[in-house]
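Report on the following structure.
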Amino acid sequence: MRSPHLHQGIRAFGRAQQGYATKAQHDAIFANPRSAGFLAAALTEASVPTLQGIPEVVVTGRANAGKSTLLNAILGRKDLVLSSSKPGRTKSLNFFRVGPDPGKLILVDAPGYGSRGRPEWGQLFSHYLGSRKELRRVYILFNAKHGINAADKLMLEDLNAQALGGGLPWTLQAIITKSDTVSTRELATVLPKLQKTIFEVAPTCLPPIVTASLKHPLFGVTEVRKSIAEACGLLKVDANLLH
Ligand SMILES: Nc1nc2c(ncn2[C@@H]2O[C@H](COP(=O)(O)OP(=O)(O)OP(=O)(O)O)[C@@H](O)[C@H]2O)c(=O)[nH]1
Ligand SMILES: [Mg+2]
């Protein structure tokens, strides 16, 4: 059982990220799961699609961290994004549209890094990060049970340096996945440690959102949706709420 305090804490964090947006705006963006669609799979730099300036976010993380499963939960779909219990399932940069054509925003799934990752996937991802003008946020996922290893630290350091470099305007945020696989007690110990490590390695990284995205009740997915909408500049501030 998760503690109500954890729920409250995460909700409060979610609110803080929304920039005082109204609920209706956020609901409208992800309201119709059937209108979402697969757009393209890129295996090479040349095959990264041109998508007419629609804002975009991408997920990264170790193989098997839960990237594809989280994207399905965000889209409100069961298997639009292919996932697997076997690490190394996603082998290309996969682009998904949210909303009817041409889409309100684009979600990008990426191959996992670490022992199951391949160098060419890393090269494609680096090129994408350094050149994608539409990219608004990079989400880095960590499995609550497995924590942060050397490969994660390298990736975090690299992303932090790129975010600081100021080349392109994307921001970085962490997501702790599979929170349903650890007890509330464990989570209470693990979370502050993860947060501390993330901040030490990547000071520009926005505070983590905790999720469980495989089975209902889903957890933290609403917060991730709001974060995405905010990063993509799709939430307008309600002036009444600022006073
Ligand atoms: N219990 C639980 N299992 C999850 C969760 N998210 C993903 N999984 C499982 O973890 C495994 C890997 O999920 P994927 O979404 O394919 O992971 P990925 O990061 O996309 O993996 P690669 O594409 O191989 O890098 C699958 O068996 C999922 O069902 C979660 O929140 N809770
Ligand atoms: Mg995947």
**Fill in**
Within the stretch 139-164, the residues that are in contact with a helix residue (DSSP H, G or I) (Cβ under 6 Å, 6 or more places away or on another chain) and touching a residue at least 60 places away in the same chain (Cβ under 8 Å) are LEU141, ALA144
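Each row is one residue, and each column tells you yes or no for (1) closer than 28 Å to ARG97 by Cβ; (2) touching a Ser or Thr at 6+ places or on another chain (Cβ under 8 Å); (3) among the aliphatic types (A, V, I, L, M); (4) surrounded by fewer than 20 Cβ atoms within 10 Å (Cβ to Cβ).
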position: GLU186; (1), (2), (3), (4): no, no, no, yes
position: PRO192; (1), (2), (3), (4): no, no, no, yes
position: GLU200; (1), (2), (3), (4): no, no, no, yes
position: PRO203; (1), (2), (3), (4): no, no, no, yes
position: VAL210; (1), (2), (3), (4): yes, yes, yes, no
position: SER213; (1), (2), (3), (4): yes, yes, no, no
position: HIS216; (1), (2), (3), (4): yes, no, no, yes
position: VAL224; (1), (2), (3), (4): yes, yes, yes, no
position: SER227; (1), (2), (3), (4): yes, no, no, no
**Request:** Run ASP152 past the list (1) buried (at least 20 other Cβ atoms within 10 Å of the Cβ); (2) closer than 28 Å to GLY53 by Cβ and report the number of the one that doesn't hold.
**Result:** (2)
**Asked** If you go through the stretch 65-91 one residue at a time, how many are without any contact (Cβ under 8 Å) to a residue 60 or more places away in the chain and more than 10 Å from ligand 1 (Cβ to nearest atom)?
**Response** 6
**Message:** What's the number of the only condition in (1) more than 16 Å from ligand 1 (Cβ to nearest atom); (2) in a strand (DSSP E or B) that VAL138 fails to meet?
**Reply:** (1)
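From the list THR204, THR177, THR184, THR171, exactly one residue is of a type in the set (Ser, Thr, Tyr) and without any contact (Cβ under 8 Å) to a residue 60 or more places away in the chain. Which is it?
On the way: THR177 fails: without any contact (Cβ under 8 Å) to a residue 60 or more places away in the chain; THR184 fails: without any contact (Cβ under 8 Å) to a residue 60 or more places away in the chain; THR171 fails: without any contact (Cβ under 8 Å) to a residue 60 or more places away in the chain.
Result: THR204 is the single residue among THR204, THR177, THR184, THR171 that is of a type in the set (Ser, Thr, Tyr) and without any contact (Cβ under 8 Å) to a residue 60 or more places away in the chain.
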**Scan of the stretch 86-104 for residues that are within 12 Å of ligand 2 (Cβ to nearest atom) and assigned to a loop (DSSP other than H, G, I, E, B), ordered by number** = LYS86, PRO87, GLY88, ARG89, THR90, LYS91, SER92
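Considering only residues that are out of contact with any strand residue (DSSP E or B) (no Cβ under 8 Å at 6 or more places or on another chain), among the hydroxyl-bearing types (Ser, Thr, Tyr) and either farther than 15 Å from GLY147 by Cα or not in a helix (DSSP H, G or I) (or both), which ones fall in the stretch 192-233? Show your work before the answer.
Step one: of the stretch 192-233, the residues out of contact with any strand residue (DSSP E or B) (no Cβ under 8 Å at 6 or more places or on another chain) are 192-193, 196-197, 199-201, 203, 214-217, 221-222, 225.
Going one step further and asking which of them are among the hydroxyl-bearing types (Ser, Thr, Tyr), we end up with 197, 222.
Hit for the stretch 192-233 is THR222, nothing else.
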**Item:** Which listed residue is of a type outside the set (A, V, I, L, M, F, W, C) and more than 22 Å from MET155 (Cα to Cα), from LYS236, LYS178
**Value:** LYS236
**Prompt:** What number goes with the only condition from (1) surrounded by fewer than 12 Cβ atoms within 10 Å (Cβ to Cβ); (2) modelled with pLDDT under 80 that THR50 does not pass?
**Reply:** (2)
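Being out of contact with any strand residue (DSSP E or B) (no Cβ under 6 Å at 6 or more places or on another chain) and within 16 Å of ligand 2 (Cβ to nearest atom) is the requirement here; does SER83 meet it?
Details: out of contact with any strand residue (DSSP E or B) (no Cβ under 6 Å at 6 or more places or on another chain): yes; within 16 Å of ligand 2 (Cβ to nearest atom): yes.
So SER83 fits the description; yes.
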**Request:** May I ask you to verify whether GLY167 is modelled with pLDDT under 95, among the small types (Gly, Ala, Ser), surrounded by fewer than 21 Cβ atoms within 10 Å (Cβ to Cβ) and touching a helix residue (DSSP H, G or I) at 6+ places or on another chain (Cβ under 7 Å)?
**Result:** yes
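The values are calculated or read from the model by the stated rules, or taken from the named source; none is laboratory data. Please read these numbers as outputs of a predicted model, since none were measured by experiment. FYI the Cβ positions are ideal-geometry reconstructions off the backbone, even for glycines, and counts take in every protein chain you see.
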